[in-house]
Amino acid sequence: MSINSEVSSEDKPDAIHITIPRHVYMLPLSTSLLGFTLGFVRGSRKSALRYLAENAHRRPTTVQGWYFYQKTKNYRVLFGGLKEGGKYALKVGGLGVGWVGLEQGWAAACETVGAPAAGEMKEVVAGGGLAAMIAGACE
């Protein structure tokens, strides 16, 4: 009983290759990271000020009390920053996904219609469409 490990090239199916333009995944990822960073900084500051305001009337008097005060404050600041960072990452990342969606949709529509010259304006259309959606959402 022998196993033939040699397979001819005619028997192998062609590999499926999907090419995704780099900006399709890089733009939403980078905007999400930027949104998380901004949200983390704002949320941390807000949490620190809130903690100070809530505990201003009962400041610790011992060394151990100060240790636990700072420890609790640090945990609250970290949690507040992560929570707000997640919110901002979703919001700003959604804007990045919307931009890429409008840009690629316009380019595909122009190819379908047969107007490649109109596809040159995909960034303008994406910016205008995204601005219109934000204006509609804020009303």
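So the values come out like this:
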| read-out | value |
| --- | --- |
| Efficiency of FRET between TRP66 and ALA108 - r from beta-carbon atoms, R0 41 angstrom, step 0.05 | 0.10 |
| Listed values (1) 19.8; (2) 8.7; (3) 28.0, entry calculated as mean projected area of the Cα convex hull in nm² | (1) |
| The chain: calculated mean residue ellipticity at 222 nm from DSSP helix runs of at least 4, using -39500 (n - 2.57) | -26500 deg cm²/dmol |
| Potential lengthening between CYS138 and ASP14 on full extension [0.36 nm per residue; Cα-Cα distance subtracted] | 39.7 nm |
| Kirkwood hydrodynamic radius of segment 70-125, from inverse mean 1/r over distinct Cα pairs, in Å | 13.9 Å |
| Most positive-pole-ward Cα, HIS23, LEU34, ALA107, against dipole of segment 1-123 from beta carbon charges | LEU34 |
| Total charge dipole magnitude, the chain, about the Cα centre, Cβ charges on Lys, Arg, Asp, Glu only, Debye to nearest 20 | 1780 debye |
| Accessible area of the chain belonging to carbon and sulfur atoms, whole % at 1.4 Å probe | 64 percent |
| For the chain, accessible area per residue (1.4 Å probe, heavy atoms of protein chains only), Å² | 78 Å² |
| Full-extension gain in nm, GLU120 to ALA48, via 0.36 nm per residue minus C-alpha separation | 21.1 nm |
| Set of lysines near LYS73 by C-alpha distance (under 29 Å), chain-local residues within fewer than 8 positions excluded | LYS46, LYS83, LYS87, LYS91 |
| Charge sum, other residues only, whose C-beta stays under 14 Å from GLY65's C-beta, Lys/Arg counted +1 and Asp/Glu -1 | +4 |
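The values are calculated or read from the model by the stated rules, or taken from the named source; none is laboratory data. As the structure is a computational prediction, the values presented were derived from the model and not from experiment. Cβ coordinates were reconstructed from backbone atoms using ideal geometry, including for glycine residues, and neighbour counts include every protein chain displayed. Accessible surface is based on the protein model in full, side chains and every heavy atom, while ligands, DNA and RNA are left aside. Shrake-Rupley method; radii C 1.70, N 1.55, O 1.52, S 1.80 Å.
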